[in-house]
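**Q** Please read through the structure below; I'll follow up with questions.
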């Protein structure tokens, strides 16, 4: 009788420890920090195309990444590069001191400064109050107080 | 000329007796010191060039501050889309074009850019197909973006050195390098007078406005013109146009002695 109750107690203790470990692990994974954060997104494969190698659409880098929830990642010293489906060069390069990346929604947001370079440096933009980037549509919405400079080459139609 | 001299000393000062005191102008840096300076300077130059050589294009606005391009500032947000290459500025948009010394204000500014596909279509060349056979996708890279049109809407005001235009809407075409200001009442003001019409064309290359279509003016004008580069006969051809020749001052009669 005594040994049977002892066995039950032992199994109960193991179960409790396992549950605590799982909860702790889940909470621990939500607070994980990592350096040199990198996230790659590729273009969707075209239907009916043989042996297509998917091109990179977006590269999201950061000096440090911290997962706040399962899908939300806080990125410090963010650098976003958007590439065209074909052809050389980048569509845009965006840099921000801090940003939040929602993996599930494919959205990058920030409330801090944004430095943006597009078209091989022909268009330079700086926003002071945050931005929103939709990765799927490759659309960027820069918040208030935006200052933009368009180089002469883009106006005159010269090649950069 | 060597100005060195020997000091004379006795006793404990004997050790210093043979020391040579040179004149200040003779205290030049030795070869070693000069070489050290040169090496230090070379290292500093090399360090500066390597640290400044950021991967191009870098997201820095320092280089943009010295450009002769177009500076655009707005209060509200900017929408940038890669799929349809355009930029939309909203709320209190101010534009400074340094090339033509032009300042513009409007409520909303939309910039559209040429893609490779549109460029090839304009040059009547066959578009390059990508692996999927889709020319649109293949030509959608805007790595070599060029401005196509600028659309300014809502309370448009353009100021040059000596002229000012108020209108409702302005369209800039990069192919012609002209901006067309339209509206129910487009006002053109300069030192020569004030004009009123529905369409004014701004030649960006020359920095000159000219009225088109029905156009009236009030003010001093040069003989034979209405002061805005529009001939009186052309303005008179408009339906609801006052004849500019009647309002303008008559040509001065030649003086006779």
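Laboratory data are not the source of any read-out in this text; all were calculated from the coordinates shown. Values in this document were obtained by computation on a predicted structure and should not be read as measured data. Note: ideal-geometry Cβ built from the backbone for every residue, glycine included; neighbour counts use all protein chains shown.
**Q** Calculate, for residue A:32 and residue A:129, the FRET efficiency according to 1/(1 + (r/R0)^6) with r their C-beta to C-beta distance and R0 25 Å; round to the nearest 0.05.
**A** Details: r = 29 Å, r/R0 = 1.18.
Here the calculated transfer efficiency is 0.25.
**Q** Another question, then. Would any residue of the stretch A:136-157 have its amide N under 14 Å from a label point 7 Å out along Cα→Cβ of residue B:79? List them or say none.
**A** From the stretch A:136-157, the list is A:137-143.
**Q** Sticking with this structure for a sec: Under 1.5 on a/c is rounded, so check that first for chain A, then, if it is not, pick prolate when a/b is larger than b/c and oblate when it is not; a ≥ b ≥ c are the square roots of the alpha carbon gyration tensor eigenvalues.
**A** It comes out prolate by the Cα gyration axes.
**Q** Taking other Cβ within 10 Å of each residue's Cβ, how do A:60, B:86 sort, fewest first? Write out the running numbers ahead of the final one.
**A** Details: A:60 24, B:86 16.
Listed from fewest to most nearby Cβ atoms, that is B:86, A:60.
**Q** Summing -39500 (n - 2.57) over the DSSP H runs of n ≥ 4 in chain A and dividing by its residue number, what mean residue ellipticity at 222 nm do you reach, to the nearest 500 deg cm²/dmol? Before the final figure, lay out the partial values.
**A** Details: 2 runs with 34 residues, N = 160.
It comes out at -7000 deg cm²/dmol, rounded to the nearest 500.
**Q** Say each of residue B:199 and residue B:178 gets a label point 7 Å from the Cα, pointing the same way as Cα to Cβ; how far apart are those two points in nm?
**A** With each label placed 7 Å out from Cα toward Cβ, I get 0.9 nm.
**Q** Suppose each label sits 7 Å from its Cα in the direction of the beta carbon; what would the residue B:185-residue B:101 distance come out to in nanometres?
**A** About 3.0 nm, to one decimal.
**Q** State the Cα centre-to-centre distance between the stretch A:61-115 and the stretch A:134-155 in whole Å.
**A** So the two Cα centres are separated by 15 Å.
**Q** Now for a separate question. For the residues A:100, A:11, what sequence is obtained by ranking on other C-beta atoms within 10 Å, fewest first?
**A** Details: A:100 15, A:11 10.
Going from sparsest to densest Cβ surroundings: A:11, A:100.
**Q** Right, another one. Please give, to one decimal in nm, the separation of the simple spin-label points placed at residue A:105 and residue A:68, each 7 Å out from Cα toward the Cβ.
**A** 1.1
**Q** Further, regarding this structure: For residue A:113 and residue A:59, calculate 0.36 nm times their separation in residues minus their Cα-Cα distance, and state this gained length in nm to one decimal.
**A** My answer for the length gained is 17.5 nm.
**Q** Sort B:162, B:76 so the one with the fewest other Cβ atoms within 10 Å of its own Cβ comes first.
**A** Values: B:162 12, B:76 17.
Taking fewest neighbouring Cβ atoms as first place, the list is B:162, B:76.
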